[in-house]
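Asks: Dumping the structure here so I can ask a few things about it.
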Amino acid sequence: MDTAYLRFPDGFPDGLLGLGDRALLRELGKPTLVRIPGTGEQAPRAAVTLLHGDESTGLQAMLRVLRGGQRSYPFDLFVVIGNVEAALHGPGYAHRYLDHQEDFNRVWGHDRETPDEASTDQRRAATGILAELRAAGLESLVDIHNNTGDNPFYAIVPRLDPAVLNLATIFTTTLLRWDLQAATLMEAIQAECAAIAVECGLPGRPESLAFAVDALRRYLGAPPLETDRVVRDLDLLGGLRKVTVEPDIRFRFGGPLDDGVDLVLAADADVHNFVEVPAGHVLGHTHPGRPLPVRARTADGRDVTSEHFAVVDGTVVVTMPTTPVMMTRTVEAARKDCLFYLATELPPPGVAA
Ligand SMILES: [Zn+2]
């Protein structure tokens, strides 16, 4: 039977975990859901990897943790391996998603769809996997990603209640409030369990993998989440505004502004991620007299471009203090998702005395 995803309800088949990560992906060939049975003392947990095919750190960390694990966990552990096809394409880990695919991180929770009715392979897989995860009675779920630009390690929280914050701070105390309703898995399942995404820096870097391995081991070794109080101090950014490059604008990062491009962004624009920049901060350069090449929108779609950006003598500047986050350094990511988000510091939720 041709199905949109593979499922292994009794753990990884013999020999699969012994393979290298690429060989394992070749064996799978499609999105995969694995349930690793535990002792059942605690409610199940879930770790999600590779929803973006170019974000290898989550899968590699998960495999390292599972291969080295000496004991069974006190809970069933569900593992999702997402866009296997995109991860395998070309040289490997080179594509967020393929041209004929939807973004596998934007297809979750289309509730009217059943797997058979879902309109694309990605939606069929997402709808089926989500139904199984919802039925599992999860305590918590962690969706592990990488960035396409330099960022500190941080966690994304769709809600600010204690269970979610306590889950996030097992991974890191740098948190980003997400209210963009982007059909992500953490949003689709947040009514059922505490769910977060964790961003592990750039893929392919040893420090990214080390962070993810450490954090996963803390998560898998943590006692049940406290649900009535916030147990750790944290930093919280929010009020996200999505910044995109206008579709007809030709742009690149670094290099001279010439007739071949309409916009040159600073080559090191991503060094400002999670750091507040003042009014007047230079985002890039465009030809004098041209309109703004970027657009900013609030979570509810309101256009706030003119509040945040201006072109002054061919220089694109920000017009009020702001904190850029998730600034990419690739044209592909900027086109397929966005250039970056503007954020503001939020007061931290109360920490119990
Ligand atoms: Zn991602």
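Asks: Any idea which of GLN122, GLN101 is surrounded by fewer than 21 Cβ atoms within 10 Å (Cβ to Cβ) and over 30 Å from PRO348 (Cβ atoms)?
Replies: Testing whether each residue is surrounded by fewer than 21 Cβ atoms within 10 Å (Cβ to Cβ) and over 30 Å from PRO348 (Cβ atoms) leaves just GLN101.
Asks: Return the residue satisfying two criteria in turn: it lies in the range 72-86 and is within 12 Å of the ligand (Cβ to nearest atom) and small (Gly, Ala, Ser), and of such residues it is nearest to LEU51 (Cα to Cα).
Replies: GLY82
Asks: Which one of ALA87, ALA94 is more than 17 Å from ALA46 (Cα to Cα), assigned to a loop (DSSP other than H, G, I, E, B) and in the same structural domain as LEU216 (by TED's automatic domain parsing)?
Replies: Being more than 17 Å from ALA46 (Cα to Cα), assigned to a loop (DSSP other than H, G, I, E, B) and in the same structural domain as LEU216 (by TED's automatic domain parsing) holds for just one of ALA87, ALA94, which is ALA94.
Asks: Taking the conditions exactly as written (within 16 Å of the ligand (Cβ to nearest atom), closer than 28 Å to ALA126 by Cβ and among the hydrophobic types (A, V, I, L, M, F, W, C)), does ALA155 satisfy them or not?
Replies: Yes: the conditions hold for ALA155.
Asks: Are there any helices (runs of 4 or more DSSP H) wholly within the range 154-229 with 3 or more residues that are basic (Lys, Arg), and if so which?
Replies: It comes to none.
Asks: Go through the residues of the range 137-144 one by one and say whether even a single one is over 25 Å from ASP214 (Cβ atoms) and modelled with pLDDT of 95 or more.
Replies: Checking the range 137-144: at least one residue is over 25 Å from ASP214 (Cβ atoms) and modelled with pLDDT of 95 or more.
Asks: OK, next. Anything in the range 25-53 that is part of a strand (DSSP E or B), away from the ligand (no atom under 16 Å from the Cβ) and not β-branched (Val, Ile, Thr)? List them, or say none.
Replies: Selection gives LEU33, ARG35, ARG45, ALA46.
Asks: Considering only residues of the range 10-21 that are loosely packed, with under 14 Cβ neighbours inside 10 Å and either among the charged types (D, E, K, R) or not assigned by TED's automatic domain parsing to the domain that holds GLN60 (or both), which is nearest to PHE75 (Cα to Cα)?
Replies: Filtering first and then ranking leaves ASP10.
Asks: Criterion first (farther than 12 Å from VAL243 by Cβ, surrounded by 14 or more Cβ atoms within 10 Å (Cβ to Cβ) and of a type outside the set (A, V, I, L, M)) does THR286 satisfy it?
Replies: When the stated conditions are applied, THR286 passes them.
Asks: Which residues, taken from the range 231-247, are under 19 Å from THR328 (Cα atoms) and in a loop (DSSP other than H, G, I, E, B)?
Replies: GLU246, PRO247
Asks: I want to confirm something. Restricting to the range 127-146 and keeping residues that are part of a loop (DSSP other than H, G, I, E, B) and not small (Gly, Ala, Ser), which single residue is farthest from the ligand (Cβ to nearest atom)?
Replies: Among those residues, the one meeting the criterion is GLU139.
Asks: Go through the range 158-201 and report how many residues are modelled with pLDDT under 95 and within 13 Å of the ligand (Cβ to nearest atom).
Replies: Number satisfying all stated conditions: 2.
Asks: Within the range 251-273, identify whether any single residue is within 16 Å of the ligand (Cβ to nearest atom) and touching a residue at least 12 places away in the same chain (Cβ under 8 Å), and answer yes or no.
Replies: Yes, the range 251-273 has at least one match.
Asks: Could you check how many residues of the range 1-43 are of a type in the set (Ser, Thr, Tyr) and touching a Phe, Trp or Tyr at 6+ places or on another chain (Cβ under 8 Å)?
Replies: Total meeting the criteria: 2.
Asks: Next question, about the same structure. Hey, among the residues in the range 102-112 that are more than 16 Å from the ligand (Cβ to nearest atom) and under 27 Å from ARG335 (Cβ atoms), which one's modelled with the highest pLDDT?
Replies: GLY109
Asks: MET62 passes all but one of (1) more than 16 Å from the ligand (Cβ to nearest atom); (2) in contact with a strand residue (DSSP E or B) (Cβ under 9 Å, 6 or more places away or on another chain); which number fails?
Replies: (1)
Asks: Picking from THR227, THR184, which residue would you name as being on the phi < 0 side of the Ramachandran plot and either of a type in the set (A, V, I, L, M, F, W, C) or surrounded by fewer than 18 Cβ atoms within 10 Å (Cβ to Cβ) (or both)?
Replies: Selected residue: THR227, the only one of THR227, THR184 that is on the phi < 0 side of the Ramachandran plot and either of a type in the set (A, V, I, L, M, F, W, C) or surrounded by fewer than 18 Cβ atoms within 10 Å (Cβ to Cβ) (or both).
The values are calculated or read from the model by the stated rules, or taken from the named source; none is laboratory data. These numbers were taken from a predicted model, which means no experiment stands behind them. Please note: Cβ atoms are built from the backbone with ideal geometry, for glycine as well, and neighbour counts cover all protein chains shown.
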